[in-house]
Structure formats: structure tokens, C-alpha cells
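The values are calculated or read from the model by the stated rules, or taken from the named source; none is laboratory data. None of these values were measured; they are calculated from a predicted model. All Cβ positions, glycine included, derive from the backbone under ideal geometry; neighbour counts span all protein chains shown. We work out accessible area using only protein heavy atoms, side chains counted, and drop any ligands, DNA or RNA first. Shrake-Rupley method; radii C 1.70, N 1.55, O 1.52, S 1.80 Å.
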Amino acid sequence: MKIVIGADHGGYLLKQAVAVLLKKLRHVVVDVGAFTNEPSDYPDFAKAVAEHVIKKKAERGILICGSGVGACIAANKFAGIRASVCHDTFSARQGVEDDDMNVLCLGARVLGQELAAEIIKTFLAAKFSNAPRHRRRLQKVTAIEKTCRNSGTPSQETGNA
Ligand code: RB5
């Protein structure tokens, strides 16, 4: 699988280890930086990772910052990105199977490398179930995304809960 990875200074070291892991697992890695641990801004890497996924230059993305949170917030501003912080394997699997998560966000100041590796393997092995109920829910998410893009605020009419 072709995977784009990005991290700010907080995630730089873990990203380097993740690149080694992914190559060992025979994935193709696109690294959009950071390339040093000098202070940098996570939205820049979230943007680069998101653009690769949206333009289908990579199938999935992995974003790393100190907590995973900032990078996740930034990535989810891009239409078509379904990013989440997952610090356990259950969420990493279910996030793909049910919610078609395409960007995994990790906090390098939260996780050790071994747990990060398990989470990444789980994320990459998981596939969207395509179950009608999950497709329906995703369509509602996409509808929210569209109304936000048009008006800046969500429409009141996004369907029943
Ligand atoms: C940078 O110090 C830190 O704020 C960043 O890596 C990330 O944790 C933000 O959510």
C-alpha cells in the first residue's frame, strides 16, 4: 500500500521509526516531513498528508504530532479526510471498518514505539466494511461536509439521527 506520513517536531522521531516499519512491511512510503526536529507547525504536515490522500497520491495517511490532536484537527478541515487519533488497536480497526478512516493520527508524546507499531499494523490491515448502515452514516457525514463548505455552518437539515 502507498502511505503518506507526516509529523511536526513533536512527532519527528516516531515518524522516522514509522518509516522504517512501513518499509519493512513492504509498503511504499511518501514522507512529507518534517525532516528535522527543529520546531515546525503541524498544520503544514496535515495539509501535505491530506492533499496526498485526497488526490489519491497515497491510499492512506499517518500523521504524528505531540498528542496527535492538533494534526487531527487540521487534517479534518480537508473535505474527504476522515482522520482520528487512535491510541488503541480497537479504534484503529473499527475506525476503518465502520467509519472509513483514511488518516491515522498518533501522539508521539503519548505512545511508545511498540504500541504505535501495533496500532499502525491494525489500521493498515483493516478495510471499510461497506455495510449499508455505515455507508448511510458516511453519506450523512459527507452531507455535513458539503453544507459547511457552502455556508460555513452546518445546515439544520442533515437528516435524522
Ligand atoms: C507541539 O509542541 C505540539 O503542540 C504539537 O506537536 C501537538 O501535540 C499539537 O497537538
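Which log10 I(q)/I(0) values does the chain give at q = 0.17 Å⁻¹ under the Debye formula, counting every alpha carbon as one identical point scatterer?
Once normalised to I(0) and log-transformed, intensities are -0.95.
Tell me, for the chain, which Cys residues have no other cysteine's C-beta sitting closer than 4.7 Å.
By the Cβ distance rule, which asks for a partner under 4.7 Å, the isolated cysteines are 65, 86, 148.
Per the 1.4 Å probe, what fraction of the accessible area of the chain, in percent, lies on carbon and sulfur atoms?
Details: 4610 of 8860 Å².
Summing carbon and sulfur atoms, their accessible area is 52 percent of the total for the chain.
Of 15/77; 23/146; 24/146; 24/140, which ones are farther than 32 Å apart at the Cα? Mind dumping the intermediate values first?
On the way: 15/77 22 Å; 23/146 36 Å; 24/146 39 Å; 24/140 38 Å.
Over 32 Å Cα-Cα: 23/146; 24/146; 24/140.
HN-Hα J couplings of segment 28-35 from phi, Karplus 6.51/-1.76/1.60, θ = phi - 60°, integer Hz, Gly and Pro as x?
8, 10, 10, 9, 9, x, 5, 9
Between 49, 18, 110, which gets the highest mean-square fluctuation from a Gaussian network model of the chain, Cα cutoff 10 Å?
110
Based on the Cβ-Cβ distance from residue 109 to residue 55, what FRET efficiency comes out when R0 is 25 Å, to the nearest 0.05?
On the way: r = 30 Å, r/R0 = 1.21.
Computed FRET efficiency for residue 109 and residue 55: 0.25.
What residues qualify as long-range amide H neighbours of residue 105, i.e. H under 5 Å apart, gap of 5 or more or another chain, H built at 1.01 Å from N?
Close amide H contacts, sequence-distant or interchain: 63, 84, 85, 86.
With a 1.4 Å probe and every protein chain left in place, work out the accessible area per residue of the chain in Å², rounded to a whole number.
Each residue of the chain exposes 55 Å² on average to a 1.4 Å probe.
Is the shape of segment 32-123 rounded, prolate or oblate, going by the alpha carbon gyration tensor and its root eigenvalues a ≥ b ≥ c, with a/c under 1.5 for rounded and a/b larger than b/c for prolate?
The shape class here is oblate.
Per DSSP helix of 4 or more residues, -39500 (n - 2.57); summed, then divided by the residues of the chain. What does that give at 222 nm, rounded to the nearest 500? Walk me through the intermediate numbers first.
Details: 6 runs with 75 residues, N = 161.
Mean residue ellipticity, 222 nm, calculated: -14500 deg cm²/dmol.
Give me a comma-separated list of calculated 3J(HN,Hα) values for segment 6-21, in order, Karplus coefficients 6.51, -1.76, 1.60 applied at θ = phi - 60°, integers in Hz, x for any Gly or Pro.
Going residue by residue, I get x, 7, 8, 4, x, x, 3, 5, 5, 4, 4, 5, 5, 4, 4, 4 Hz, with x marking Gly and Pro.
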